[in-house]
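Structure record follows, encoded as structure tokens.
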Amino acid sequence: MTESPPAARSGPVLEIRDLTVSLPKGADRPFAIEGVSFTVARGEIVCVVGESGSGKSVTAFTVMGLVPRRELRPVRGEVRLLGRSILGLPEAELRRLRGERMAMIFQEPMTALNPVMRVGEQIAEVLEIHTDLGPRERRERVLAVMRDVRLPEPERLYHAYPHQLSGGQRQRVMIAMALVLDPALLIADEPTTALDVTTQAQILELIRDLQRRRGTGVMFITHDFGVVAEIADRVVVMQEGRVVEVGPAEEVLHRPRHPYTRMLIGAVPSLVPPERRGEDGPRERALLVRGLDKVYGRSGWFARGRVVHAAKSVTLTLHRGETLGLVGESGSGKTTVARCILRLVEASSGEILIDGVDLAKLRASALRPHRRHIQIVFQDPYRSLNPRRTVGQSIIEGPMNFGVPRAEALRRARELMRVVGLAPEALERYPHQFSGGQRQRICIARALAMEPKVLVADEPVSALDVSVQAQVLELLDEVRRRFGLAMLFITHDLRVAAQICHRVMVMWQGEVVEEGPTARVFRDPNHPYTQRLMAAAPGRGRLLHDRIGG
Amino acid sequence: MWRYVLMRIVATVPVMGVVAVFVFLMLRLAPGDPAAVIAGDYATAEDVARIREQLGLDQPIPVQFARWIGQLLQGDLGTSIFTNLPVTTLIAQRLEPTLLLSLTTITFAILVAVPLGTLAAWRAGSLLDRVVMLFSVAGFSVPVFVLGYIFIYVLAMWLGWLPVQGYKSPFVDGLVPFLQHITLPTLTLSVIFIALIARMTRAAVMEVLAEDYVRTARAKGQSELKVLVRHALRNAAVPIVTVIGLGIALLIGGVVVTESVYNIPGVGRLVLDAVLARDYPIIQGLILFFSFIYILINLVVDLLYTFLDPRIRY
């Protein structure tokens, strides 16, 4: 069943030649991808790299035949799977290939599995579609592949529902589902982007390991050159629907020829923190948090359920003009701490002092005047601006709540637009008319309009493309210096933390396990968890500027 | 699981209690003397006093309430003023046609609406989709009695395929006469539910079809039919079941009208007759009875949620 036709043994698993896919009328360009050509050989991992809109996903979905043909129509070129042209195949033929000869894993393991079906049955479904195996044999095969992807207690997890598994486990289930029939081609669409770094490292290792053992050809889509450095044999760089560079991984990573490739690699923040001189000296304290505790859920008559200790006696000091990084994986408590400091959620206990006033103790009405001192920029700029209000309205709303006259607030908003690198005319427009990076600039301007003492940045660049990421980081650093802001920078990304933070605190299971100057923590991590985190950073030691510093 | 089921069943007791209090107070707090209202315009003072005594209205309110609840717990809903028969007997006599009509209506509506809505969602924007939606809007807008007479005129009088009115029991008269007589009322009553359920099914399935796991199922090479049934419909089940539950509750209003149009001796007709005759004990009993059905349906729907979606645990 999994035997390849003899002709295909020698040739590439996947061959894409001059593939061109048209976009529907009214799009910003005529073709989603144009003249794309590359191959994936047996046992090879080819990384397709590019930013959003580069066409990398369209390429993958066209190969799988999973694009709506009315909207994204292949108009030219050829796709060969094991030597067989598959682009024009009828749907029924394609279905037979999907899952058996070519399989796919997706970015979001949280949503890619059917929530009302047991995971074992979801894997077994592939066998049910493509083989004649009976229920018992199917179950055996599923358990075997679950062991193969190193899922703990396969017998028990077989009957679990997706929501009962962690993100990493769900991605393992996806991989098991993709590999159960030993396909010749595996397409992985950003399979680790939604995962924590330590989990990401494990999943990358697993894909690499399984692929080597089975000789699968892998088309691995990513935007992250750190991941490329970890896993790629060959690299295909895409920009605006075209392939701009193809080559062996070593070659592309260390001697990139195309300027876009160079820019992408250069935009990956280095793990080596930059030298920071002339920024020390005596500094004024802006925020003091003492013994902050947060417990979610409680036991009692009506609230059955587990109690989560999300933050355990967190203490931190933040000075004017300083950036303190709060680093950790999902569930570490870093966002909880930020929300407590802003009093978006109530801390269970502890003090939050700004100018000697304990914000944690204030009642809602007394808190209001203090809210302006501490502002936040959220992770997702697409969802943190009201789509029905102009950018200007969103920016002046805060100051006007605190009694600033409209004309004065508008004057200042125009000034701030220049500070964040946007034209003042942008105030008249609506959020959807801006790109992600521009929206994040608007969010920063909105926060600055309140003239805060403390700026909390909660993963402010995680939703942005790498090239935009660098610009937004630069802007944050600049406004910090210019306004003497104290910045609490929350991130899961060590590379970002290394570049922007003066000091870092590493959080793990609600506790601060390590803290110190960024340079010291990155050079010489003390806590075993910090060490694990460092070791898991993708591309560590493989990207050139990690060695010499960025 | 069973603990939850038990808890939910126990939780319906206070709800029933509250309903009972309201029904009790409704009669007592109504403006004027209910006894006088019941007795009518030409009654003598003795008539009114007799009725008041018969209803127990001469007692203090708490005593009346205690007596009433006591009777209620023994399954006694009181006695009809005009026929002098126990209300429970009256309801029981009329229950069969109503239950069967509701059952055929809901079954027919689900069998038609769910596939229709699913297909409309699958081919959203197509001709089929637009026809389904058009029907759905029309189904909402036409009153039940208008539909009823249209059906009678076309199918019974004009084409002569089906009997015009009446009811035949499947247990007494046999299945075929029953089906012949129940078809028109069922068609009439189900139109609005088909419209309602098809719309909700379409919306829910469309939302689910955009989900990542549907893409995963297609990536496995699954056929469209199974993608729709196994992956889309199962995930869309919760809102669909919700609206079906609501539909059954709404059925009560439709049943009253439909039974009148088709001259079916069901509970709906009993409601109508009791209201027209101001037979308060019957009205009281019927409100309680329908409330009980309503609470029961809610309970069943809530329990179904936990079976349909493993993420829902209370």
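The values are calculated or read from the model by the stated rules, or taken from the named source; none is laboratory data. Bear in mind that the values here come from a model prediction, so they are computed numbers and not experimental data. Cβ: placed from backbone, ideal geometry, glycine included. Neighbour counts: every protein chain shown. These accessible areas exclude ligands, DNA and RNA; they are computed on the full protein's heavy atoms, side chains included. Shrake-Rupley method; radii C 1.70, N 1.55, O 1.52, S 1.80 Å.
When Cβ neighbours within 10 Å are restricted to other protein chains, what is their mean count per residue of peptide A:120-128?
The per-residue average across the peptide is 3.
Along the positive direction of the dipole of the protein assembly as shown (beta-carbon charges: Lys, Arg +1; Asp, Glu -1; about the Cα centre), which of B:18, B:206, B:36 reaches farthest?
B:206
Filter the chymotrypsin sites (Phe, Trp or Tyr not before Pro) in the range B:123-222 to those in DSSP coil with at most 13 other Cβ atoms within 10 Å of their Cβ, and list the result.
B:161, B:171
Pick from B:236, B:39, B:219: which residue has the top mean-square fluctuation in a GNM of chain B where Cα pairs under 10 Å get a spring?
Most flexible of the set in this elastic network: B:219.
Please state the charge dipole magnitude for chain A, taken about the Cα centre, from unit charges on C-beta atoms (+1 on K and R, -1 on D and E), reported in debye and rounded to the nearest 20.
1020
Tell me, what is the Rg over Rh of the range A:17-121, with Rh the Kirkwood radius over Cα pairs?
0.98
Semi-axes of the range B:18-73's equivalent ellipsoid from the Cα gyration tensor, sqrt of 5 times each eigenvalue, largest first, rounded to whole Å?
In descending order, the three semi-axes are 22, 12, 8 Å.
Please state the shape class of the range B:27-159: rounded when a/c is under 1.5, otherwise prolate if a/b exceeds b/c and oblate if not, all from the C-alpha gyration tensor.
prolate
How large, in percent, is the carbon and sulfur part of the accessible surface of the protein assembly as shown at a probe radius of 1.4 Å?
57
Quick one: grab the alpha carbon gyration tensor of chain B, order the square roots of its eigenvalues as a ≥ b ≥ c, and give me rounded if a/c is under 1.5, else prolate or oblate depending on whether a/b is larger than b/c.
oblate
Based on DSSP H runs of at least 4 residues, each adding -39500 (n - 2.57), what is the mean residue ellipticity at 222 nm of chain B after dividing by all its residues, to the nearest 500 deg cm²/dmol?
My calculation for chain B gives -25000 deg cm²/dmol from helical runs alone.
So which lysines can residue A:312 reach, going by Cα to Cα under 22 Å and dropping same-chain residues fewer than 8 places off?
Counting by Cα, and skipping residues close in sequence, residue A:312 has these lysines nearby: A:294, A:334, A:361.
Considering the options A:402, A:473, A:494, tell which one lies farthest towards the positive end of the dipole of chain A, charges being +1 on Lys and Arg and -1 on Asp and Glu at the Cβ, about the Cα centre.
A:402
Assuming 1.567 mPa s and 4 °C, estimate D for the protein assembly as shown with Stokes-Einstein, Rh taken as the Kirkwood radius over Cα pairs, in µm²/s.
It comes out at roughly 40 µm²/s.
Mind checking which helices in chain B clear 20 Å along their axis (Cα) and have mean Kyte-Doolittle hydropathy of 0.5 or more, DSSP H runs only?
B:2-29, B:87-122, B:127-141, B:175-209, B:234-261, B:280-308
How much area per residue is accessible in the protein assembly as shown when the probe is 1.4 Å and only protein heavy atoms are counted (Å²)?
46
Using per-residue counts of other Cβ atoms within 10 Å, averaged over each peptide, order A:156-162, A:46-52, A:339-345, A:112-118 from highest down.
For the peptides A:156-162, A:46-52, A:339-345, A:112-118, the packing ranking is A:46-52, A:112-118, A:339-345, A:156-162.
Sorted by accessible area (1.4 Å probe), largest first, how do A:372, A:141 line up?
Sorted by accessible area, descending: A:141, A:372.
Between the DSSP loop rule and a limit of at most 16 other Cβ atoms within 10 Å, which trypsin sites (Lys or Arg not before Pro) in the range B:182-280 are left?
Of the trypsin sites (Lys or Arg not before Pro), the ones in loops of the range B:182-280 whose Cβ has at most 16 other Cβ atoms within 10 Å are B:278.
Roughly how far apart, in whole Å, are the Cα centres of the range B:176-232 and the range A:110-159?
28
Only helical DSSP H runs with n ≥ 4 go in: add -39500 (n - 2.57) per run for chain A, normalise by residue count and round the 222 nm mean residue ellipticity to 500 deg cm²/dmol.
-10500 deg cm²/dmol
Along the charge dipole of the range B:211-314, pointing to its positive end and built from +1/-1 on Cβ of Lys, Arg, Asp and Glu, which listed residue (B:223, B:258, B:241) has its Cα farthest out?
Of the options given, the answer is B:223.
Report the charge-dipole magnitude of chain B in Debye, nearest 20, computed about the Cα centre from +1 at each Lys and Arg Cβ and -1 at each Asp and Glu Cβ.
Charge dipole of chain B: 1420 debye, to the nearest 20.
Once ligands and nucleic acids are excluded and a 1.4 Å probe is used, how much of residue B:291 is accessible, expressed in Å² to the nearest 10?
Here the accessible area works out near 20 Å².
How far is helix A:406-419 tilted, in degrees, relative to the longest principal axis of the Cα atoms in chain A, given as a value from 0 to 90 rounded to the nearest 10?
Between helix and principal axis, roughly 50 degrees.
Quick check on the range A:402-550: take the gyration tensor over C-alpha atoms, sort the square-rooted eigenvalues as a ≥ b ≥ c, and tell me if it's rounded (a/c under 1.5), prolate or oblate.
Cα axes put the range A:402-550 in the prolate bin.
Using Cα atoms only, what is the angle between the long axis of helix A:391-401 and the major principal axis of chain A, expressed in degrees (0 to 90) to the nearest 10?
30
Can you tell me the 0 to 90 degree angle between the C-alpha axis of helix A:436-448 and the longest principal axis of chain A, rounded to 10?
10
Could you tell me the accessible area of residue B:168 in Å² (1.4 Å probe, neighbours in place), rounded to the nearest ten?
80
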